[in-house]
1. Scan the chain and note any complete DSSP helix (H) whose C-alpha atoms cover at least 15 Å along its axis and whose Kyte-Doolittle average is 0.5 or more.
2. Work from the charge dipole of region 113-170 (Cβ charges, +1 for Lys and Arg, -1 for Asp and Glu, about the Cα centre) and give the residue of Leu169, Leu143, Pro115 farthest towards its positive end.
3. Round to a whole number: what % of the accessible area of region 1-88 belongs to carbon and sulfur, probe 1.4 Å?
4. Quick one: length gained pulling Arg261 to Val248 fully straight, 0.36 nm per residue minus the C-alpha distance?
5. Mind giving me the FRET efficiency for Arg236 and Ser101? R0 is 45 Å, r the Cβ-Cβ distance, nearest 0.05 is fine.
6. With +1 on each Lys and Arg Cβ and -1 on each Asp and Glu Cβ, how big is the dipole of the chain about its Cα centre, in debye rounded to the nearest 20?
7. What is the set of long-range amide H partners of Arg12 at a cut-off below 5 Å, with H atoms built 1.01 Å from backbone N?
8. Amide H of Lys96 versus every other amide H placed in the peptide plane: which residues, excluding those fewer than 5 positions away on the same chain, fall under 5 Å?
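The values are calculated or read from the model by the stated rules, or taken from the named source; none is laboratory data. On a predicted model such as this, the values are computed, not experimentally measured, just so you know. Virtual Cβ from ideal backbone geometry, glycine too; neighbours counted across all protein chains shown. These area figures cover heavy atoms from the full protein model, side chains too; ligands, DNA and RNA do not enter into them. Shrake-Rupley method; radii C 1.70, N 1.55, O 1.52, S 1.80 Å.
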Amino acid sequence: MKLEADSLGHARSLLFVPGDRADLFDRAVRSGADAVVIDLEDAVAQDRKTAAREAARAWLDRGGSAIVRVNPQETEGFSADISAVGRLATAIMLPKCEDPSDVERVRAEARHPAPVIPLVETAAGLANVETLCRAEGVVRAALGNVDLATEPGVAPDDDEALLHAHSRLVIASAAAGRPGPVDGVTTDIHDPSKARTDSRRARRLGLTAKLCVHPLQVPVVNDVMTPTPTEIAWAREVVDRDSGGVLVMDGQMIDTPVVTRASRILDQRRRFTEQE
């Protein structure tokens, strides 16, 4: 699967693969994930950074297609990462992104208009999320729930503690005209039902994708983030009955905003059917 930059906004599942495990890159592509994220940051030990960078560059140079999560800007590895993969990656995922100038730096060092996925995982990043989402080059935002939870001292899987962060990311993305944001990771890789629960909650809040840390999570996330048969049937009826005014269907008022939502559901289904 060739991942195109313009399809990033519609990806449901983004699967991390360690950058120093080149033997897993092709397997990750075959997992069914809508996008693969080669991770040069957290998944790679410090003494393996150079090897991971070179493995990612070589695979991408051979025609591989992936997002690359680079090391944070304050580290020595950041510029080396951008130099190696900036022109080859479908997009750059920028950890601990806090300001539009962070996005500008990525694009400047890459020396081409690289799409950027800012990973909002600090209190400062969340405080500035509205301007981050509007920054030129941002394709969509993602939540780094594990790191973000560290600053206020809450659990990364605490629904209530991170509710504000999820909702703020959703509203900021919508206000900036960006696609729905990407939810953070579910750290329990042995129980797919936990990923399903987390994905359902994220989708109810308006997030439209999720970061995955294991291939077993991919089909679960794809299933939850895809419109259900019931939603599709409802959307088709709404669109078919739309006459440009207000109507009542099953006791519910249907007006222009509802028709717009129905149309988006049908568009989502068409896109996902094409991918499958």
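1. 163-175
2. Pro115
3. Working: 1730 of 3860 Å².
Looking at region 1-88 in its full context, I get 45 percent from C and S.
4. Working it through step by step, the gained length comes to 3.1 nm.
5. Values: r = 45 Å, r/R0 = 1.01.
After rounding, the FRET efficiency stands at 0.50.
6. Numbers: 34 positive and 43 negative charges, 153 e Å.
Using Cβ point charges on Lys, Arg, Asp and Glu, the chain gives about 740 debye.
7. Amide H neighbours of Arg12: Asp34.
8. Amide H neighbours of Lys96: Leu119, Glu121.
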